[in-house]
Amino acid sequence: MNKFSIIPELWEFLKVRKKWWLAPILILLLLLGGLIILTQGSALAPFIYTLF
């Protein structure tokens, strides 16, 4: 099983169940997760972690 198979499944869920209000929440979570991963180990990490 592919670990990225959850993305198409989630998209299909949103389309079939008409749960479009979840899309902005998921996008925000992905962006924040990416921000934390990209700044990990950099000089900016302490400043970003204080936001949360």
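The residues of the chain have, on average, 92 Å² of accessible surface per residue, using a 1.4 Å probe with all protein chains present. Computed from Cα positions, the angle between helix 6-17 and the longest principal axis of the chain comes to roughly 50 degrees. Extension gain for E9-L51 works out to 12.0 nm (0.36 nm per residue, less the C-alpha to C-alpha distance). Computed over Cα pairs, the Kirkwood radius of the chain leads via Stokes-Einstein (0.890 mPa s, 25 °C) to a diffusion coefficient of 189 µm² per second. Among the trypsin sites (Lys or Arg not before Pro) in the stretch 1-49, those located in a DSSP loop and surrounded by at most 10 other Cβ atoms within 10 Å of their own Cβ are K3, K18.
Only protein atoms count toward the accessible area here, which uses a 1.4 Å probe; on the chain, the carbon and sulfur part of that area reaches 75 percent. Maximal additional length on extending the S42-W20 stretch stands at 4.4 nm, based on 0.36 nm per residue less the C-alpha distance. What is the helix-to-structure angle for 22-39, meaning the angle in degrees between its Cα long axis and the longest Cα principal axis of the chain, kept from 0 to 90 and rounded to the nearest 10? For 22-39 against the chain, the angle is about 30 degrees.
The values are calculated or read from the model by the stated rules, or taken from the named source; none is laboratory data. Everything numeric in this text was worked out from a predicted model, so none of it was measured. When we count neighbours, we look across all protein chains shown, and the Cβ atoms used for this are built from the backbone with ideal geometry, even at glycine. We work out accessible area using only protein heavy atoms, side chains counted, and drop any ligands, DNA or RNA first. Shrake-Rupley method; radii C 1.70, N 1.55, O 1.52, S 1.80 Å.
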